[in-house]
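Values quoted throughout were computed directly from the atomic coordinates according to the rules given, and no laboratory measurement underlies them. None of these values were measured; they are calculated from a predicted model. Methodologically, a virtual Cβ is constructed for each residue, glycine included, from the backbone with ideal geometry; neighbour enumeration extends over all protein chains shown.
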Amino acid sequence: MRNLFIDILVKEARLNEKIVLIVGDLGFNVVEPFKKEFPNRFFNAGVSEQSMIGIAAGLSMSGFKVFVYSIANFPTFRCAEQIRNDIDFHNLPVTIVSVGSGLGYGNLGYTHHGLQDYSLIRSLPNTLICSPLDNNELKSSLKYLFKNPQPSYLRLDKSLNIEIKSDKKNLYPGEWNLMSKQKNTKKLILSTGSTYNDCKKFLKKKELQFNWYSIPMWGMKVKTSQYKKLSMYNEIVTFENHIQDGGFGSWINEVLSVNKTKKKIFVQNKFINSKVIGKVGSENYLNKLYGPK
Amino acid sequence: MKNIDQISKKIRKNILKISHAAKSAHIASSLSIVDLIVNIYFNFMQKNKRNIFILSKGHACLAQYCLLYELGYIKKKTLDTFGKNGTILMSHSSHKVPGVNLSTGSLGHGLPVSAGIALSKKIINKNGKVFVLLSDGELNEGSNWESLLFISHHNLNNLVIIIDYNKIQSLDFVNKTLKLQPLKKKFTSFGCKVLEIDGHNHKEIFKSLKNSSNRPLVIIANTIKGKGISFMENKVLWHYKPPNDHELKLGLEELNK
């Protein structure tokens, strides 16, 4: 996914000379093609995330479309206030890209586990979260962001490289991207991010009772628009590779809780169990024990 | 310079009146930067529209708002809403106010953003300088020192960093909080050219701002917190205290002399 991201960014940068890439001294074997082709639009801000985000804000205030690349919690929690004040409040076209969502860097330990980033970013009113499930959703998200530069957070899986067949060429914030559909069902799976295998396993157990949609682009701005579609279902199961607190499932819960209706919708959140905090192991190992199921 | 002296005095009077009406804090921080920002705006911003100014010490925004009123960006009616419910003039610099580029208030944000603006000018070979005004207490923030590494590495010599060195921060004197000395050496060691000036002497301010260095420029402006109103000068108290009716009268009498 990360290499595909850079390939797409390089292609776009050939067409748009305002694209700039800043890295936080990370991206070995990933960011080099951009650096090689656009040395004047590539900057390594060093291990200085607060400065990096401020610089990105300054560049974007001057007309550049800035992509900031780093991993795990470094471009989010470390520089949370810079994102809040400098980028989100000023509504600047900066996309923060973080690789290693969920337990992608499992062996590297808690410092590198991306478990709470949704909770931080989704509290920002102007920032769009892009959490693609596969390469197609990554392509659609970037296509949208190139056309609509805005404060945004692109959350990438470290090693996943799958492409689910899809007829959709364009996706929009808040839109549900169909994964599988059944006739006359009132049961729904909603997922975001790298949750393909978890959803598949769940569906296997439940046979063919559920419609499954992924929401690759979401955030505060498209929250209220979700209710109408949700209310078509009686049972909803959410999936995410993030802890429950402040996550995607909680976002759906909030949508349902603020809409007063007589209709009862049964909701179940599937998420990474926070008991994983402090545990070390490969992504597979940790997911088996603590992943969404 | 005579005109600039008069404008500075007028701005000080307005700061005093508005701070009194709004019962707002940070009067001394605002008085401290008046001469610096009047010089920056009148001699550099007005004359070259490609220059950009960022007030990183956003809590001194009242000085900036009063200056923007003098320049016609803000109407008196708007200026008088300072500190009132529903005003656009938040009590820290706001980009929603005409003539203000960046909302600040949390310290340590202005320098990294200014570095980004200066870098953008370098990428596209655009003229114009970026002036950024920081407080001395603000230098406690690590983000400034992160940025200085970047500024020096990319030799952003279109960036002018001005330090309002009034030696008092929020709760106490700088020297009793976290010592900054040797400040000049610190900036020099980061690869900057450093000038030390009297931050209330318009000739010195103008000369230093005009300096065309081939390295990033830092101006350490020695200032007096509360400058212009003797009972407020160099007192920690006036970081937060708004003037009462009697103090307003005394202050205006002194400024009218």
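Does residue B:108 meet the test of being in contact (Cβ under 8 Å) with a residue 12 or more places away in the chain, under 17 Å from the mean Cα position of the chain (by Cα), part of a loop (DSSP other than H, G, I, E, B) and buried (at least 24 other Cβ atoms within 10 Å of the Cβ)? Steps first, please.
On the way: in contact (Cβ under 8 Å) with a residue 12 or more places away in the chain: yes; under 17 Å from the mean Cα position of the chain (by Cα): yes; part of a loop (DSSP other than H, G, I, E, B): yes; buried (at least 24 other Cβ atoms within 10 Å of the Cβ): yes.
Yes: the conditions hold for residue B:108.
Which residue pairs have Cβ atoms under 7 Å apart, sit 6 or more places apart or on different chains, and have a first residue in the stretch B:138-165 that is of a type in the set (Phe, Trp, Tyr) and a second that is assigned to a helix (DSSP H, G or I)? From the stretch B:138-165, the pairs are B:150/A:51; B:150/A:55; B:150/B:115. Scanning the stretch B:1-43 for residues that are in a loop (DSSP other than H, G, I, E, B) and more than 17 Å from residue B:234 (Cα to Cα) gives B:1, B:23, B:24. Cβ separations smaller than 6 Å between residues 6+ apart or across chains give the following pairs from the stretch A:245-263 residues that are β-branched (Val, Ile, Thr) to residues that are surrounded by 13 or more Cβ atoms within 10 Å (Cβ to Cβ) and part of a helix (DSSP H, G or I): A:255/A:226; A:255/A:227. For the stretch A:185-212, residues that are crowded, with 19+ Cβ neighbours inside 10 Å and not in a helix (DSSP H, G or I) total 11. If the condition is being buried (at least 19 other Cβ atoms within 10 Å of the Cβ) and within 14 Å of another protein chain (Cβ to nearest Cβ), then the stretch B:75-105 contributes B:93, B:94, B:97, B:100, B:101, B:102, B:103, B:104.
If you go through the stretch B:135-170 one residue at a time, how many are more than 13 Å from chain A (Cβ to nearest Cβ), closer than 26 Å to residue B:225 by Cα, outside any helix (DSSP H, G or I) and not small (Gly, Ala, Ser)? Qualifying residue count, the stretch B:135-170: 11. Picking from residues in the stretch B:109-120 that are within 7 Å of chain A (Cβ to nearest Cβ) and out of contact with any Phe, Trp or Tyr (no Cβ under 7 Å at 6 or more places or on another chain), the one that is nearest to residue B:132 (Cα to Cα) is B:114. The criterion of at least 1 residues that are free of Cβ contacts under 8 Å to residues at least 60 places away in the same chain, of a type in the set (A, V, I, L, M) and under 24 Å from residue B:15 (Cα atoms) is met, among helices (runs of 4 or more DSSP H) falling completely within the stretch B:175-257, by B:245-256. One residue is enough: does the stretch B:75-84 have a residue meeting the conditions at positive phi and touching a Ser or Thr at 6+ places or on another chain (Cβ under 9 Å)? Scanning the stretch B:75-84 turns up at least one residue that is at positive phi and touching a Ser or Thr at 6+ places or on another chain (Cβ under 9 Å).
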